[in-house]
Structures are given as C-alpha cells and as structure tokens.
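Here's the structure, in structure tokens; my notes come after.
What follows draws every value from the coordinates through simple rules; no lab data is involved. All of these numbers come straight from a predicted model, not from anything done at the bench. Please note: Cβ atoms are built from the backbone with ideal geometry, for glycine as well, and neighbour counts cover all protein chains shown.
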Amino acid sequence: MAENKTRKTDASVDEFLDSVENDRRRQDAQTLVGLMERATGEEPRMWGPSIVGFGDVHYVYESGREGDWFKVGFSPRKSSLTLYLMAPSDDRRGLLEKLGKYKTGKGCLYINKLDDVDLDVLEELVSDASTAAERAHQGS
C-alpha cells in the first residue's frame with residue numbers, strides 16, 4: 001500500500017515562512033500561524049516541504065489504508081493562501097457567508113489575502129474544522 005508523501009517533519013516553520021518571497025503572503029502566513037495556534041491550541045509543525053499543520057490525527061479507512069495527517073493547516077502558495085480544513089459543521093456553514101472573499105475546493109479554502117476576509121470568522125472556521133477532524137478520527 002502506498003504511503004503518504006506528505007509527512008510531519010522537523011523542519012523549522014519560521015525558516016519556511018521566512019523563505020516566502022512575496023512580502024504580503026509572508027506576513028499573512030505569519031498571521032495565520034497565530035490565528036491557527038489560538039483556534040486549535042496546537043503548535044505549528046511542517047508537513048512536507050510547504051504545509052504548516054496544526055495537531056495530528058491517525059486515520060484508518062475501511063480499505064485498511066491508514067496514516068497520519070494534521071487537523072488543520074495551510075500553505076502560502078504563489079497564487080493564494082491555501083487552507084486545509086474539514087468542511088464546517090452544518091451549524092457553522094453560515095460562517096462562510098460572513099467570511100468575505102474566498103474560493104473553495106475539495107477540502108480547501110483559498111484566500112488571496114487576509115485583508116479580504118473577516119479574521120474572527122476565519123478563526124471560528126478553523127476551530128470548528130480542528131474539532132471536526134478530531135471527532136472524525138476518534139477511535140481510528
């Protein structure tokens with residue numbers, strides 16, 4: 001069975017963020033670290049070469065495939081900030097309407113710059129996603 005290519009590493013989060021070329025993206029990424037730390041109560045860790053993850057869960061699928069992954073995370077990509085979040089719970093979906101300017105993909109939230117969104121709403125979404133990830137993988 002194939003193993004995940006993206007794994008938790010001992011690389012420095014600060015060094016990774018310092019290497020982000022775009023000033024705005026670097027500043028937004030540093031802001032996201034603080035926001036996600038508050039929302040999750042977890043320390044940031046590097047997952048692979050370009051994802052900052054918070055917390056970790058072990059999963060086991062019915063197929064027998066298993067592995068470890070972060071509860072929530074982000075990557076300061078060139079085109080946008082990519083946030084890796086589980087879908088908000090039904091009672092939190094209304095938060096997306098209040099968030100501001102963003103795009104979504106499968107399990108991802110794409111934000112061009114943090115000035116485009118309400119940071120309090122984003123912190124609630126991150127907290128909800130972290131809790132959902134933990135619940136989804138309890139007993140795995």
Item to check | Candidate lysines for bridging to Lys103, where Cα separation is under 17 Å - those fewer than 8 sequence places away on the same chain excluded | outcome: Lys78, Lys113
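Counting other beta carbons within 10 Å of each Cβ, put Leu122, Leu114, Leu83, Leu96 in order, fewest first.
Numbers: Leu122 25, Leu114 19, Leu83 22, Leu96 15.
Sorted ascending by nearby Cβ count, the order is Leu96, Leu114, Leu83, Leu122.
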Checklist entry - Hey, what did the chain get for relative contact order, percent, Cα under 8 Å, at least 6 apart? => result 23 percent
Item to check | Reported label for calculated Kirkwood radius over Cα pairs in Å given (i) 14.8; (ii) 15.4; (iii) 19.7 | outcome: (ii)
Checklist entry - Put +1 on the Cβ of every Lys and Arg and -1 on every Asp and Glu Cβ in the chain; which of Ser19, Leu119, Thr104 then has its Cα farthest towards the positive end of the dipole? => result Thr104
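Scan the chain and report its longest stretch carrying no GluC sites (Glu not before Pro) that are both in a DSSP loop and have at most 15 other Cβ atoms within 10 Å.
The answer is 63-140.
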